[in-house]
Amino acid sequence: MPSAGRTCRLWRGTLMLLLGGTAAALAGADTAPPPSVTDLVQEVQGFGDHTTGGRGGELTWVTTLADAGAGSLRSAAEDASRRWIRFRVSGTLQLLAPIAVASDKTIDGRGAKVTITGRGLVIDGQSNVIVENLLFADGEDDALHVVNGARNLWIDHCSLSHWSDGLIDITRASTDITVSWCRFSHHDKVLLIGASPAESGDAVMRVTLHHNHFERTTERHPRLRFGKVHAYNNYYEAWGSYGAASSMLGELLSQANIYEAGWDKDAIITRSGRDPEEGYVRSVGDRALGEAIIVEREPGRVFDPARFYTSARVAPADETLKEQIRREAGWRDVALSP
């Protein structure tokens, strides 16, 4: 588990030209190497732990807050080549249309403060993508839409609030995804995993949620259908409708989370909305505060994460964890080497 003093290492090494060839310079490209794997990728836990993003690819700098064109996030993220994307600018990036993020990308917001608004990011059928240390606020549709078999993704240390639909939607057989250390606030439908009761193909989905702060949001933390979710060391603070829901034969393992109820007491429910089937829930080491109610259903039918990974580092659900999540979840002011 990252500590309060989690730091970023200095970059090292030099960029090598492979096979003695010379590549044409791409817009925004730089000769500095990307951060070492120990700087970021070693921190990923859970189902997304095979994600390496743009490691080994071109280091590309975003130099403008324009929606498109040379030096823009769109130009770098939609390119087909492997890239580690960083920002030389801070401010608000007003998108007129969603950015369709291509495979093998790290969008690394450390060292800058970039707020994405208007429209969000779409990861449609792509793989191996990291989204790190960005803010998403005041947009249309979904802030992050993951769809159509996208896989090997890691969304980390982002702050998300005030979107017209979902903050993160993961649907249509997208899998092997970790969402960690994010702060969700000022929103209704937060995190959807599973498109609808008719989408039984979503049974392949596997998602890990850890060290996230669901700060007085309403519902869907997550709303799960069909797939598998391992939620551990999250802090659910005074939700408005329910904390987490497992419907349509979904399997939710809730481990060492803190559920602190406000006026609504339903921390975990086993059916949401008009879904005709209940899901399965197993609760292990969770902490229920404020008369929060955790409902288990056939816990023996919930998966064992050890069958899939050993990377999870689970801490006790105590006051130390709560204060750490309050302090560290979401966007951070992190200084990196230029």
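The values are calculated or read from the model by the stated rules, or taken from the named source; none is laboratory data. This structure is a prediction, so every number in the text was calculated from the model and none was measured. When we count neighbours, we look across all protein chains shown, and the Cβ atoms used for this are built from the backbone with ideal geometry, even at glycine.
Restricting the stretch 255-292 to residues that are of a type in the set (A, V, I, L, M, F, W, C) and over 18 Å from residue 215 (Cα atoms) leaves a set whose member that is surrounded by the most Cβ atoms within 10 Å (Cβ to Cβ) is 281.
For the stretch 203-223, a residue qualifies if it is of a type in the set (D, E, K, R) and part of a strand (DSSP E or B), and the qualifying residues are 206, 215, 219, 223.
Residues of the stretch 163-184 being polar (S, T, N, Q) and in a strand (DSSP E or B), which ones? Full working, then the answer.
Taking the stretch 163-184 and keeping what is polar (S, T, N, Q), we get 164, 171, 174-175, 178, 180.
Matches in the stretch 163-184: 175, 178, 180.
Scan the stretch 254-266 and tell me whether some residue there is modelled with pLDDT of 95 or more, among the acidic types (Asp, Glu), under 17 Å from residue 193 (Cβ atoms) and in a strand (DSSP E or B). The answer is no, given that none of the residues of the stretch 254-266 is modelled with pLDDT of 95 or more, among the acidic types (Asp, Glu), under 17 Å from residue 193 (Cβ atoms) and in a strand (DSSP E or B). At least 2 residues being among the hydroxyl-bearing types (Ser, Thr, Tyr), at pLDDT 95 or above and surrounded by fewer than 22 Cβ atoms within 10 Å (Cβ to Cβ) is the threshold, and among the strands (runs of 3 or more DSSP E) wholly inside the stretch 69-134 those reaching it are 114-118.
Name every residue in the stretch 305-337 that is loosely packed, with under 15 Cβ neighbours inside 10 Å, of a type outside the set (Ser, Thr, Tyr) and in contact (Cβ under 8 Å) with a residue 12 or more places away in the chain, in order of residue number. Give the derivation first.
So in the stretch 305-337, the residues loosely packed, with under 15 Cβ neighbours inside 10 Å come out as 306-307, 310, 313, 316, 318-320, 323, 326-327, 333, 335, 337.
Those still in the list that are of a type outside the set (Ser, Thr, Tyr) too: 306-307, 313, 316, 318-319, 323, 326-327, 333, 335.
Selection gives 313, 316, 318, 326, 327, 333, 335.
Could we say that residue 215 is among the acidic types (Asp, Glu), within 17 Å of the chain's Cα centre (by Cα) and crowded, with 21+ Cβ neighbours inside 10 Å here? Yes. In the stretch 77-95, the residues that are on the phi < 0 side of the Ramachandran plot form Cβ pairs under 7 Å with partners that are basic (Lys, Arg) and part of a strand (DSSP E or B), at six or more places apart or across chains, as follows: 77/105; 83/105; 85/105. Select from the stretch 286-315 the residues that are assigned to a loop (DSSP other than H, G, I, E, B), more than 18 Å from residue 239 (Cα to Cα) and either under 22 Å from the mean Cα position of the chain (by Cα) or among the small types (Gly, Ala, Ser) (or both) and list them in ascending order. Within the stretch 286-315, 303, 304, 308, 309, 310, 311, 312, 313, 314, 315 meet the criteria.
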